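First comes the structure, then the notes that go with it.
Values in this text are rule-based calculations from the coordinates and carry no lab data. Computed from a predicted model, the values in this text were never measured in an experiment. Neighbour counts run over all protein chains shown; Cβ positions are idealised from the backbone, glycine included.
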């Protein structure tokens with residue numbers, strides 16, 4: 001009986017290790033909504049290859065394969081019909097003033113910014129979580145908020161790891177802390193290194 005138990009434990013351990021192997025470049029690591037995420041293999045790798053998608057009988061460039069910015073832009077395009085312009089680095093998304101509505105060019109889109117730890121507005125699904133250079137030197141990082149729970153958020157992203165997502169439809173679950181201030185009300189903070197805040201693209 002003890003031998004069987006030991007065998008089962010060892011087998012389960014081997015299965016767990018096998019499931020956590022690094023992925024190859026271009027391999028699907030997860031999918032949220034209509035949008036698959038692909039492995040960049042190494043977060044320092046720069047492909048210099050553009051990726052294109054077709055929407056509304058038009059061909060759009062979503063960005064460089066398979067960077068975090070490319071996934072964030074492609075997710076917004078495929079799931080919200082919204083795109084934002086070129087940025088040099090992911091952290092620069094924090095400075096954007098707006099975006100474009102792909103199927104209605106006359107609909108203005110503005111970018112609302114909510115600073116981590118001082119915002120009274122908690123994240124919503126579809127927001128972009130922006131990181132500074134303390135998370136990733138020079139470039140920062142961006143992920144997409146895909147679900148909000150009472151004390152956590154789930155995000156989808158590319159180029160943060162060479163492993164597959166922890167779940168089929170989200171890459172990480174991050175804790176959301178609350179702080180109640182007498183004057184300001186409830187302040188929200190995403191507990192992760194380098195989070196500047198979240199950007200929300202809205203129709204105005």
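Annotations
- Count of residues meeting criterion [surrounded by fewer than 24 Cβ atoms within 10 Å (Cβ to Cβ) and touching a residue at least 60 places away in the same chain (Cβ under 8 Å)] in segment 128-138: 5
- Any chance residue 64 is under 16 Å from residue 142 (Cα atoms), surrounded by fewer than 18 Cβ atoms within 10 Å (Cβ to Cβ) and in contact with a helix residue (DSSP H, G or I) (Cβ under 7 Å, 6 or more places away or on another chain): yes
- For segment 103-117, the tally of residues that are outside any strand (DSSP E or B) and either buried (at least 19 other Cβ atoms within 10 Å of the Cβ) or touching a strand residue (DSSP E or B) at 6+ places or on another chain (Cβ under 6 Å) (or both) stands at 3.
- Filtered residues of segment 22-45 (kept if loosely packed, with under 12 Cβ neighbours inside 10 Å, under 13 Å from residue 159 (Cβ atoms) and either without any contact (Cβ under 8 Å) to a residue 24 or more places away in the chain or in contact with a strand residue (DSSP E or B) (Cβ under 9 Å, 6 or more places away or on another chain) (or both)): 44
- Selection within segment 158-204 - at positive phi, surrounded by 17 or more Cβ atoms within 10 Å (Cβ to Cβ) and part of a loop (DSSP other than H, G, I, E, B): 159
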